[in-house]
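A.B. asks: Sharing a structure here in C-alpha coordinates format.
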Amino acid sequence: MRIGKYQLENNVIVAPMAGITDRPFRQLCRRLGAGLAVSEMLSSNPKVWKTEKSMNRMDHSGESGIRAVQIAGADPELMAQAAQFNVANGAQIIDINMGCPAKKVNKKLAGSALLQFPELVEEIIDAVVNAVDIPVTLKIRTGWDPDNRNGVEIARIAERYGIASLAVHGRTRACMYKGDAEYATIRDIKRSVSIPVVANGDITSPEKAKQVLDYTGADAIMIGRAAQGRPWIFREIDHYLRTGEHLQPPAIAEVRSILMEHLTNLHLFYGEPMGARIARKHVSWYLQTHDSDGQFRRVFNALDNPQAQVVALEQYFKTLAAN
(Lines give C-alpha, C1' and ligand atoms only; values in the text may rest on other atoms or scores of the structure.)
Protein backbone atom coordinates (compact mmCIF):
# COMPACT_ATOMS: atom_id res chain seq x y z
CA MET A 1 0.00 0.00 0.00
CA ARG A 2 1.44 3.32 -1.14
CA ILE A 3 0.05 6.81 -0.64
CA GLY A 4 1.88 9.07 -3.05
CA LYS A 5 5.57 8.74 -2.26
CA TYR A 6 4.95 7.01 1.06
CA GLN A 7 5.21 3.24 1.40
CA LEU A 8 3.15 1.94 4.33
CA GLU A 9 4.58 -0.88 6.46
CA ASN A 10 1.35 -2.83 5.97
CA ASN A 11 -2.23 -2.28 4.80
CA VAL A 12 -3.95 -1.98 8.19
CA ILE A 13 -4.78 1.64 9.03
CA VAL A 14 -6.13 3.42 12.12
CA ALA A 15 -9.29 5.40 11.27
CA PRO A 16 -9.38 9.04 12.38
CA MET A 17 -11.77 9.30 15.35
CA ALA A 18 -12.57 12.60 17.07
CA GLY A 19 -11.64 12.52 20.74
CA ILE A 20 -9.83 9.19 20.36
CA THR A 21 -6.99 9.17 17.83
CA ASP A 22 -4.83 11.62 19.74
CA ARG A 23 -1.05 11.29 19.77
CA PRO A 24 -0.90 8.75 22.65
CA PHE A 25 -3.43 6.46 20.93
CA ARG A 26 -1.85 6.81 17.47
CA GLN A 27 1.59 5.98 18.83
CA LEU A 28 0.26 2.96 20.69
CA CYS A 29 -1.56 1.62 17.61
CA ARG A 30 1.55 2.12 15.48
CA ARG A 31 3.67 0.23 18.02
CA LEU A 32 1.10 -2.58 18.02
CA GLY A 33 1.09 -3.09 14.28
CA ALA A 34 -0.82 -0.33 12.45
CA GLY A 35 0.74 0.70 9.13
CA LEU A 36 -0.67 4.24 9.39
CA ALA A 37 -2.57 6.22 12.01
CA VAL A 38 -4.61 9.25 10.91
CA SER A 39 -5.09 12.14 13.34
CA GLU A 40 -8.35 13.41 14.75
CA MET A 41 -10.41 15.70 12.55
CA LEU A 42 -9.28 19.34 12.60
CA SER A 43 -11.60 22.19 11.69
CA SER A 44 -10.68 24.37 8.72
CA ASN A 45 -11.88 27.40 10.70
CA PRO A 46 -8.70 29.32 11.63
CA LYS A 47 -10.49 30.90 14.61
CA VAL A 48 -10.27 27.61 16.54
CA TRP A 49 -6.67 26.66 15.67
CA LYS A 50 -5.28 28.26 18.81
CA THR A 51 -7.71 26.57 21.21
CA GLU A 52 -6.32 23.95 23.57
CA LYS A 53 -8.35 21.19 21.87
CA SER A 54 -7.01 22.06 18.40
CA MET A 55 -3.45 22.50 19.65
CA ASN A 56 -3.59 19.01 21.16
CA ARG A 57 -4.96 17.59 17.92
CA MET A 58 -2.14 19.20 15.97
CA ASP A 59 0.58 17.88 18.28
CA HIS A 60 2.80 15.41 16.40
CA SER A 61 6.01 16.06 18.37
CA GLY A 62 8.20 12.98 18.54
CA GLU A 63 5.67 10.92 16.59
CA SER A 64 7.02 7.97 14.63
CA GLY A 65 5.80 6.93 11.20
CA ILE A 66 3.97 8.97 8.57
CA ARG A 67 2.09 11.98 9.97
CA ALA A 68 -1.39 12.04 8.40
CA VAL A 69 -3.70 14.89 9.42
CA GLN A 70 -7.42 15.01 8.70
CA ILE A 71 -9.14 18.33 8.04
CA ALA A 72 -12.86 19.13 7.82
CA GLY A 73 -14.86 22.01 6.44
CA ALA A 74 -17.04 23.19 3.56
CA ASP A 75 -15.21 26.26 2.22
CA PRO A 76 -12.63 25.40 -0.46
CA GLU A 77 -10.38 28.38 0.34
CA LEU A 78 -10.40 27.72 4.10
CA MET A 79 -9.74 24.02 3.50
CA ALA A 80 -6.74 24.93 1.32
CA GLN A 81 -5.42 27.25 4.04
CA ALA A 82 -5.95 24.55 6.69
CA ALA A 83 -3.98 22.09 4.56
CA GLN A 84 -1.10 24.56 4.19
CA PHE A 85 -1.15 25.35 7.91
CA ASN A 86 -0.91 21.66 8.84
CA VAL A 87 1.86 20.99 6.31
CA ALA A 88 3.83 23.83 7.92
CA ASN A 89 3.13 22.09 11.23
CA GLY A 90 4.64 18.79 10.07
CA ALA A 91 1.84 16.95 8.24
CA GLN A 92 3.09 14.55 5.54
CA ILE A 93 -0.36 13.53 4.28
CA ILE A 94 -3.54 15.64 4.34
CA ASP A 95 -6.82 13.72 4.61
CA ILE A 96 -10.11 15.43 3.72
CA ASN A 97 -13.11 14.43 5.83
CA MET A 98 -16.28 13.78 3.86
CA GLY A 99 -17.36 10.86 6.02
CA CYS A 100 -18.27 12.20 9.46
CA PRO A 101 -22.03 11.78 10.05
CA ALA A 102 -22.22 13.90 13.24
CA LYS A 103 -25.02 16.49 13.25
CA LYS A 104 -22.80 19.32 14.53
CA VAL A 105 -20.43 18.73 11.59
CA ASN A 106 -23.13 18.15 8.98
CA LYS A 107 -25.16 21.23 9.88
CA LYS A 108 -22.11 23.26 8.76
CA LEU A 109 -22.29 21.32 5.48
CA ALA A 110 -19.03 19.54 6.33
CA GLY A 111 -18.27 15.83 6.69
CA SER A 112 -20.64 13.47 4.89
CA ALA A 113 -23.12 16.29 4.20
CA LEU A 114 -20.82 17.24 1.31
CA LEU A 115 -21.73 14.04 -0.54
CA GLN A 116 -25.00 15.76 -1.54
CA PHE A 117 -23.05 18.37 -3.51
CA PRO A 118 -20.62 16.82 -6.02
CA GLU A 119 -19.70 20.23 -7.47
CA LEU A 120 -18.62 21.47 -4.05
CA VAL A 121 -16.70 18.21 -3.53
CA GLU A 122 -14.82 19.00 -6.76
CA GLU A 123 -14.02 22.53 -5.62
CA ILE A 124 -12.75 21.45 -2.21
CA ILE A 125 -10.57 18.63 -3.53
CA ASP A 126 -9.17 20.81 -6.30
CA ALA A 127 -8.36 23.63 -3.85
CA VAL A 128 -6.64 21.38 -1.30
CA VAL A 129 -4.65 19.29 -3.80
CA ASN A 130 -3.34 22.44 -5.49
CA ALA A 131 -2.52 24.14 -2.17
CA VAL A 132 0.07 21.59 -0.99
CA ASP A 133 2.85 19.47 -2.47
CA ILE A 134 2.19 16.37 -0.35
CA PRO A 135 -0.33 13.55 -0.96
CA VAL A 136 -3.98 14.38 -0.27
CA THR A 137 -6.35 11.56 0.66
CA LEU A 138 -10.13 11.51 1.08
CA LYS A 139 -12.49 9.69 3.43
CA ILE A 140 -16.14 9.29 2.42
CA ARG A 141 -19.23 7.20 3.05
CA THR A 142 -21.07 5.26 0.37
CA GLY A 143 -23.53 8.14 -0.10
CA TRP A 144 -25.98 10.45 1.61
CA ASP A 145 -28.73 7.87 2.25
CA PRO A 146 -29.59 4.37 0.97
CA ASP A 147 -31.46 5.87 -2.00
CA ASN A 148 -28.49 8.08 -2.90
CA ARG A 149 -25.37 5.92 -2.83
CA ASN A 150 -23.20 8.11 -5.03
CA GLY A 151 -19.86 6.80 -3.79
CA VAL A 152 -18.74 5.80 -7.30
CA GLU A 153 -19.43 9.31 -8.64
CA ILE A 154 -17.50 10.89 -5.73
CA ALA A 155 -14.63 8.41 -6.17
CA ARG A 156 -14.29 9.33 -9.84
CA ILE A 157 -14.21 13.02 -8.92
CA ALA A 158 -11.54 12.24 -6.30
CA GLU A 159 -9.37 10.45 -8.86
CA ARG A 160 -9.85 13.13 -11.50
CA TYR A 161 -8.77 15.93 -9.15
CA GLY A 162 -5.66 14.25 -7.78
CA ILE A 163 -6.65 12.38 -4.61
CA ALA A 164 -3.88 9.88 -3.77
CA SER A 165 -5.98 7.36 -1.81
CA LEU A 166 -9.66 6.97 -0.94
CA ALA A 167 -11.09 5.49 2.28
CA VAL A 168 -14.75 4.43 2.21
CA HIS A 169 -16.94 3.64 5.22
CA GLY A 170 -19.57 1.09 4.19
CA ARG A 171 -22.57 3.09 5.39
CA THR A 172 -24.41 6.18 4.19
CA ARG A 173 -24.63 9.34 6.25
CA ALA A 174 -28.27 8.55 7.12
CA CYS A 175 -27.23 5.15 8.50
CA MET A 176 -24.89 6.79 11.05
CA TYR A 177 -23.43 3.67 12.75
CA LYS A 178 -26.63 1.62 12.74
CA GLY A 179 -27.15 -1.70 11.02
CA ASP A 180 -24.38 -3.54 9.20
CA ALA A 181 -21.82 -1.98 6.90
CA GLU A 182 -22.27 -2.95 3.23
CA TYR A 183 -19.27 -3.59 1.05
CA ALA A 184 -20.83 -3.87 -2.42
CA THR A 185 -20.50 -0.12 -2.96
CA ILE A 186 -16.85 -0.24 -1.86
CA ARG A 187 -16.30 -3.06 -4.38
CA ASP A 188 -17.97 -0.95 -7.10
CA ILE A 189 -15.79 2.03 -6.17
CA LYS A 190 -12.62 -0.07 -6.31
CA ARG A 191 -13.60 -1.30 -9.78
CA SER A 192 -14.31 2.23 -11.01
CA VAL A 193 -11.00 3.95 -10.09
CA SER A 194 -7.29 3.15 -10.26
CA ILE A 195 -6.22 4.96 -7.07
CA PRO A 196 -5.82 2.91 -3.85
CA VAL A 197 -9.09 2.24 -2.01
CA VAL A 198 -9.31 1.57 1.73
CA ALA A 199 -12.33 -0.33 3.11
CA ASN A 200 -13.75 0.75 6.47
CA GLY A 201 -16.71 -0.27 8.65
CA ASP A 202 -17.44 -3.17 11.02
CA ILE A 203 -14.03 -4.81 10.58
CA THR A 204 -13.67 -6.40 14.00
CA SER A 205 -11.53 -9.50 13.49
CA PRO A 206 -8.71 -10.89 11.33
CA GLU A 207 -11.19 -13.12 9.45
CA LYS A 208 -13.51 -10.19 8.72
CA ALA A 209 -10.54 -8.14 7.48
CA LYS A 210 -9.61 -10.84 4.97
CA GLN A 211 -13.23 -11.33 3.88
CA VAL A 212 -13.64 -7.60 3.23
CA LEU A 213 -10.35 -7.35 1.32
CA ASP A 214 -11.20 -10.42 -0.77
CA TYR A 215 -14.75 -9.26 -1.53
CA THR A 216 -14.04 -5.60 -2.30
CA GLY A 217 -10.59 -5.93 -3.84
CA ALA A 218 -9.58 -2.98 -1.65
CA ASP A 219 -5.90 -2.19 -1.15
CA ALA A 220 -6.13 -1.78 2.62
CA ILE A 221 -8.52 -1.80 5.53
CA MET A 222 -9.21 0.86 8.13
CA ILE A 223 -10.10 0.03 11.73
CA GLY A 224 -11.97 2.46 13.98
CA ARG A 225 -14.23 1.46 16.83
CA ALA A 226 -12.87 -2.12 17.00
CA ALA A 227 -9.53 -0.70 18.17
CA GLN A 228 -11.03 1.05 21.18
CA GLY A 229 -9.66 -0.81 24.19
CA ARG A 230 -8.06 -3.32 21.81
CA PRO A 231 -5.13 -1.61 20.06
CA TRP A 232 -3.43 -4.99 19.51
CA ILE A 233 -6.06 -5.75 16.85
CA PHE A 234 -3.67 -4.24 14.28
CA ARG A 235 -0.93 -6.81 14.83
CA GLU A 236 -3.53 -9.59 14.97
CA ILE A 237 -4.96 -8.61 11.58
CA ASP A 238 -1.59 -7.93 9.98
CA HIS A 239 -0.24 -11.31 11.14
CA TYR A 240 -3.33 -13.16 9.88
CA LEU A 241 -3.25 -11.44 6.48
CA ARG A 242 0.43 -12.30 6.05
CA THR A 243 0.43 -15.88 7.40
CA GLY A 244 -3.17 -17.12 7.60
CA GLU A 245 -2.51 -17.90 11.26
CA HIS A 246 -3.92 -16.42 14.44
CA LEU A 247 -1.81 -14.74 17.08
CA GLN A 248 -2.59 -15.69 20.65
CA PRO A 249 -4.64 -12.98 22.38
CA PRO A 250 -2.55 -10.92 24.81
CA ALA A 251 -2.18 -12.38 28.30
CA ILE A 252 -3.64 -10.35 31.13
CA ALA A 253 -0.11 -9.21 32.07
CA GLU A 254 0.35 -7.67 28.63
CA VAL A 255 -3.10 -6.08 28.69
CA ARG A 256 -2.11 -4.49 32.00
CA SER A 257 1.21 -3.30 30.57
CA ILE A 258 -0.42 -1.77 27.45
CA LEU A 259 -3.18 -0.12 29.46
CA MET A 260 -0.76 1.36 32.01
CA GLU A 261 1.44 2.69 29.19
CA HIS A 262 -1.60 4.28 27.54
CA LEU A 263 -2.81 5.72 30.85
CA THR A 264 0.58 7.26 31.67
CA ASN A 265 0.89 8.80 28.21
CA LEU A 266 -2.61 10.31 28.43
CA HIS A 267 -1.75 11.85 31.80
CA LEU A 268 1.51 13.27 30.42
CA PHE A 269 -0.04 14.53 27.18
CA TYR A 270 -3.09 16.29 28.62
CA GLY A 271 -1.98 17.08 32.16
CA GLU A 272 -4.42 17.52 35.03
CA PRO A 273 -7.37 17.26 35.20
CA MET A 274 -7.99 16.55 31.49
CA GLY A 275 -5.71 13.52 31.28
CA ALA A 276 -7.63 11.71 34.01
CA ARG A 277 -10.99 12.55 32.44
CA ILE A 278 -10.00 11.34 28.98
CA ALA A 279 -8.47 8.17 30.45
CA ARG A 280 -11.87 7.07 31.78
CA LYS A 281 -13.38 6.12 28.42
CA HIS A 282 -10.25 4.28 27.32
CA VAL A 283 -10.03 2.29 30.56
CA SER A 284 -13.72 1.43 30.24
CA TRP A 285 -13.12 0.01 26.75
CA TYR A 286 -10.08 -2.01 27.83
CA LEU A 287 -11.92 -3.61 30.74
CA GLN A 288 -15.27 -4.42 29.12
CA THR A 289 -14.48 -8.13 28.89
CA HIS A 290 -12.80 -8.38 32.31
CA ASP A 291 -15.08 -6.12 34.37
CA SER A 292 -18.31 -7.49 32.93
CA ASP A 293 -20.58 -6.11 35.65
CA GLY A 294 -18.97 -2.66 35.44
CA GLN A 295 -18.33 -2.49 39.17
CA PHE A 296 -14.68 -1.40 38.95
CA ARG A 297 -15.36 1.00 36.07
CA ARG A 298 -17.96 2.85 38.15
CA VAL A 299 -15.38 3.32 40.89
CA PHE A 300 -12.67 4.32 38.41
CA ASN A 301 -14.89 6.88 36.67
CA ALA A 302 -15.24 8.76 39.96
CA LEU A 303 -11.46 9.29 40.17
CA ASP A 304 -10.14 12.61 38.84
CA ASN A 305 -6.54 12.32 40.04
CA PRO A 306 -3.95 10.62 37.80
CA GLN A 307 -2.08 8.98 40.67
CA ALA A 308 -5.31 7.65 42.17
CA GLN A 309 -6.16 6.15 38.76
CA VAL A 310 -2.77 4.41 38.54
CA VAL A 311 -3.09 3.00 42.08
CA ALA A 312 -6.65 1.79 41.46
CA LEU A 313 -5.69 0.01 38.24
CA GLU A 314 -2.59 -1.61 39.77
CA GLN A 315 -4.77 -2.98 42.57
CA TYR A 316 -7.43 -4.11 40.09
CA PHE A 317 -4.91 -6.14 38.07
CA LYS A 318 -3.38 -7.63 41.23
CA THR A 319 -6.83 -8.85 42.25
CA LEU A 320 -7.49 -10.14 38.73
CA ALA A 321 -4.19 -12.05 38.69
CA ALA A 322 -4.92 -13.60 42.09
CA ASN A 323 -8.30 -15.00 41.01
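A.B. asks: May I ask you to compute the full-extension gain from Glu122 to Val48, defined as 0.36 nm times their residue separation minus their alpha-carbon distance, rounded to one decimal in nm? Each step should come with its number before you reach the end.
C.D. replies: Numbers: separation 74, 0.36 × 74 = 26.64 nm, distance 2.53 nm.
Going from the current span to full extension adds 24.1 nm.
A.B. asks: Could you tell me the convex hull volume per residue, in Å³, taken over the Cα atoms of the chain? Write out the running numbers ahead of the final one.
C.D. replies: On the way: hull volume 41.7 nm³, N = 323.
Taking the convex hull of the Cα positions in the chain, it is 129 Å³ per residue.
A.B. asks: For the chain, what is the accessible area per residue in Å² when the probe is 1.4 Å?
C.D. replies: 43
A.B. asks: Further, regarding this structure: Need the full-extension length gain, Thr243 to Glu153, defined as separation in residues times 0.36 nm minus the C-alpha distance. One decimal, nm.
C.D. replies: Values: separation 90, 0.36 × 90 = 32.40 nm, distance 3.59 nm.
Between Thr243 and Glu153, full extension yields an extra 28.8 nm.
A.B. asks: Right, here's the next one. Using the Cα atoms of the stretch 34-175 to build a convex hull, what is its mean projected area in square nanometres?
C.D. replies: Numbers: hull surface 32.6 nm².
That works out to 8.1 nm².
A.B. asks: Suppose we keep just the DSSP beta bridges with both residues in the chain; what percent of those would be antiparallel, to 5?
C.D. replies: Values: 2 of 32 bridges.
Taking every DSSP beta bridge with both residues in the chain, the antiparallel ones total about 5 percent.
A.B. asks: Now for a separate question. Given Cα pairs under 8 Å that are at least 6 residues apart, what percent is the relative contact order of the chain? Working shown, then result.
C.D. replies: Details: 606 pairs, mean separation 44.7, N = 323.
The normalised contact order for the chain reaches 14 percent.
A.B. asks: For the stretch 195-256, give the percent of accessible area contributed by carbon and sulfur heavy atoms, probe 1.4 Å, rounded to a whole number. Before the final figure, lay out each step's value.
C.D. replies: Values: 1300 of 2600 Å².
In the stretch 195-256, the share of accessible area belonging to carbon and sulfur is 50 percent.
A.B. asks: Using alpha carbon centroids, what distance separates the stretch 110-151 and the stretch 234-278, in Å?
C.D. replies: 33
A.B. asks: How many nm separate the modelled label positions at Asp133 and Glu63, each set 7 Å beyond the Cα in the direction of the Cβ?
C.D. replies: Inter-label distance under the simple model: 2.2 nm.
A.B. asks: Follow-up. Between Arg2 and Ile252, what is the FRET efficiency for a Förster distance of 35 Å, r being their Cβ-Cβ separation, to the nearest 0.05?
C.D. replies: 0.35
A.B. asks: Here is a follow-up. Roughly what % of DSSP beta bridges within the stretch 1-150 run antiparallel, to the nearest 5? Please report the intermediate quantities before stating the final value.
C.D. replies: Values: 2 of 17 bridges.
Roughly 10 percent of the beta bridges in the stretch 1-150 run antiparallel, per DSSP.
A.B. asks: Just to be sure I understand: of the beta bridges DSSP finds with both ends in the stretch 131-213, what percent are antiparallel, rounded to 5?
C.D. replies: Details: 0 of 9 bridges.
Percent antiparallel among DSSP bridges in the stretch 131-213 is about 0.
A.B. asks: How large a share of the accessible area of the stretch 95-167, in percent, is made up of carbon and sulfur atoms when the probe is 1.4 Å and the other protein chains stay in place?
C.D. replies: Working: 1370 of 2990 Å².
The value for the stretch 95-167 is 46 percent carbon and sulfur by accessible area.
A.B. asks: When the dipole is taken about the Cα centre of the stretch 54-156, and only Lys, Arg (+1) and Asp, Glu (-1) are charged at their Cβ, what size is it in debye, to the nearest 20? Could you put the intermediate results ahead of the total?
C.D. replies: Numbers: 10 positive and 13 negative charges, 97 e Å.
In total the dipole reaches around 460 debye.
A.B. asks: OK, next. Can you tell me the relative contact order of the stretch 1-50? Whole percent, Cα pairs under 8 Å, sequence separation 6 or more. Numbers along the way, then the final one.
C.D. replies: Working: 59 pairs, mean separation 18.4, N = 50.
This gives 37 percent for the stretch 1-50.
A.B. asks: Work from the charge dipole of the chain (Cβ charges, +1 for Lys and Arg, -1 for Asp and Glu, about the Cα centre) and give the residue of Cys175, Ile252, Ile13 farthest towards its positive end.
C.D. replies: Ile252
A.B. asks: How far apart, in nanometres, would the label points at Ala302 and Asp180 be if each is projected 7 angstrom from Cα along the Cα-to-Cβ direction?
C.D. replies: A separation of 4.2 nm, rounded to one decimal place.
A.B. asks: Please give the length that would be gained between Lys108 and Met274 if that part of the chain were fully extended, namely 0.36 nm times their separation in residues minus their C-alpha to C-alpha distance (nm, one decimal).
C.D. replies: Details: separation 166, 0.36 × 166 = 59.76 nm, distance 2.76 nm.
Length gained, Lys108 through Met274: 57.0 nm.
A.B. asks: Separate question: For the stretch 174-236, take N as its residue count and report Rg(C-alpha) divided by 2.2 N^0.38 Å. Don't skip to the answer; put the middle values down first.
C.D. replies: Numbers: Rg = 12.0 Å, N = 63, 2.2 N^0.38 = 10.6 Å.
After normalising by residue count via 2.2 N^0.38 Å, the value is 1.13.
A.B. asks: Run the numbers on the stretch 184-323 and let me know its relative contact order in percent, using alpha-carbon pairs under 8 Å that are six or more apart.
C.D. replies: The normalised contact order for the stretch 184-323 reaches 17 percent.
A.B. asks: Over the Cα atoms of the stretch 132-260, what Rg and Dmax result, in angstrom?
C.D. replies: My reading of the Cα-based Rg and Dmax gives 16.2, 50 Å.
A.B. asks: Next question. Dipole magnitude of the chain about its Cα centre, charges +1 at Lys/Arg Cβ and -1 at Asp/Glu Cβ only, in debye to the nearest 20?
C.D. replies: On the way: 39 positive and 35 negative charges, 95 e Å.
Its charge dipole is roughly 460 debye.
A.B. asks: Report, ordered by chain and residue number, the lysines lying within cross-link reach of Lys47, taken as a straight Cα distance under 26 Å and ignoring same-chain residues fewer than 8 apart.
C.D. replies: Lys103, Lys104, Lys107, Lys108, Lys139
A.B. asks: Farthest toward the dipole's positive end in the chain, which of Gln27, Asn89, Val128, given Cβ charges of +1 (Lys, Arg) and -1 (Asp, Glu) about the Cα centre?
C.D. replies: The Cα lying farthest towards the positive end belongs to Gln27.
A.B. asks: Where the accessible area of the stretch 261-323 is counted over protein heavy atoms with a 1.4 Å probe, how much of it, in %, is carbon and sulfur? Walk me through the intermediate numbers first.
C.D. replies: On the way: 1800 of 3470 Å².
On the stretch 261-323, the fraction of accessible area on carbon and sulfur atoms equals 52 percent.
The values are calculated or read from the model by the stated rules, or taken from the named source; none is laboratory data. This structure is a prediction, so every number in the text was calculated from the model and none was measured. For neighbour counting, all protein chains shown are included, and Cβ atoms are generated from backbone atoms with ideal geometry for every residue, glycine included. Surface accessibility is based on the protein's heavy atoms, side chains included, excluding ligands, DNA and RNA. Shrake-Rupley method; radii C 1.70, N 1.55, O 1.52, S 1.80 Å.
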